[in-house]
Amino acid sequence: MTPYAELNELLQDLTTTTRRILGDNFAGAYLQGSFALGDADLQSDCDFLIPVHRPITPAQEKALRALHDEIPTRSGFWTGHLEGSYPLLSELSSLDGLGKDWLYIDHGWREMQWSTHCNTEVVRWTLREYGVTLAGPEPKTFVEVVPPDVLRRRMRVDIPQLLPGLATWVSIELAWGQRYAVTTLCRTLYTLTEGRVCSKRAALLWAIDTLQPEWTDLCRRTLDGRALGWDPEDAADPADVARTVAFAEHATATARQG
């Protein structure tokens, strides 16, 4: 399932408990994100999707909220790193379902919200092409193909919004935020170029090998610093902040060329 025994036990419990809460409304349980694409490590979230056949009832929502309120209070590392949604299967299966809110839990949070966070072209592509099945049918049997041009169109929208959106929840003047910005820019440029999705590490390696030499050192430092993780006291090097802003401008110009 994953390389981490504690996480495997937690995912088994999540699957069993949500199946009990949802009953015949339970349509499956899947991993997407880093644990599907590969290269997951201790800096990764564990991204899950648990689709339902019918809209979640008030009683089911109450029980799911209680479950995700309780999980982070358990001992262990991974109990604070689950992130995922409970999509309506018909909305997950088709691109026509984009933009619909799904019941969602953010990593480290105890309160669920209705959000479009997981309702994206990238999540659908990753689930269909590389999703890990914990329970239910294989994703390719129910998720619509996401064509390369659909992914590229989404990147052209997302890239110019990346730094403004990031600023609403983390500063790139923090080292973690600065590294996150560079990594995400590399991932979006990879998808814009290749019409597919890859892991954070793979995107950084691609950028080092493929992009203009002026970005090589920035991407290499970002890759080397990934293991450092989150530290609210760790300020980014001002020179790296300036290069990150310039990299975002370069990515935006590249996206607009298409």
Looking at (1) in a helix (DSSP H, G or I); (2) at pLDDT below 95; (3) among the acidic types (Asp, Glu), find the lone condition where ASP209 falls short. (2)
Residue that is surrounded by the most Cβ atoms within 10 Å (Cβ to Cβ), among those in segment 1-59 that are modelled with pLDDT of 95 or more and among the acidic types (Asp, Glu): ASP47
When the residues of segment 162-174 are narrowed to those that are assigned to a helix (DSSP H, G or I) and in contact with a helix residue (DSSP H, G or I) (Cβ under 7 Å, 6 or more places away or on another chain), which ends up most open to solvent (accessible area, probe 1.4 Å)? LEU163
Does GLU194 meet the test of being among the acidic types (Asp, Glu) and more than 20 Å from GLN257 (Cβ to Cβ)? no
LEU134 being closer than 20 Å to TYR4 by Cβ and touching a Gly at 6+ places or on another chain (Cβ under 9 Å): yes
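Condition check ((1) in a loop (DSSP other than H, G, I, E, B); (2) within 21 Å of LEU14 (Cα to Cα); (3) modelled with pLDDT of 95 or more; (4) open to solvent by 20 Å² or more (accessible area, probe 1.4 Å)) across all residues:
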| position | (1), (2), (3), (4) |
| --- | --- |
| GLU111 | yes, yes, yes, yes |
| TRP114 | no, yes, yes, yes |
| ASN119 | yes, yes, yes, no |
| THR133 | no, yes, yes, yes |
| LYS140 | no, no, yes, yes |
| ASP149 | no, no, yes, yes |
| PRO160 | no, no, yes, yes |
Please work out which residue is surrounded by the most Cβ atoms within 10 Å (Cβ to Cβ), limiting yourself to segment 74-109 and to residues that are in contact with a strand residue (DSSP E or B) (Cβ under 8 Å, 6 or more places away or on another chain), part of a loop (DSSP other than H, G, I, E, B) and modelled with pLDDT of 95 or more. PRO87
Among residues belonging to segment 178-217 that are crowded, with 21+ Cβ neighbours inside 10 Å, of a type in the set (Gly, Ala, Ser) and touching a residue at least 24 places away in the same chain (Cβ under 8 Å), point out the one that is nearest to ARG128 (Cα to Cα). SER199
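Select the helices (runs of 4 or more DSSP H) contained entirely in segment 1-73, then report the ones holding at least 1 residues which are of a type in the set (Val, Ile, Thr) and under 20 Å from GLN113 (Cβ atoms). Break it down stepwise before answering.
Values: elements: 5-22, 34-37, 58-70.
The helices (runs of 4 or more DSSP H) meeting that bar are 5-22.
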Selection over segment 153-170 where residues are over 16 Å from ARG187 (Cα atoms) and aliphatic (A, V, I, L, M) yields a count of 2
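The values are calculated or read from the model by the stated rules, or taken from the named source; none is laboratory data. None of the values given here were measured: they were computed from a predicted structure. All Cβ positions, even for glycine, are placed from backbone atoms using ideal geometry, and neighbour counts span all protein chains on display. We work out accessible area using only protein heavy atoms, side chains counted, and drop any ligands, DNA or RNA first. Shrake-Rupley method; radii C 1.70, N 1.55, O 1.52, S 1.80 Å.
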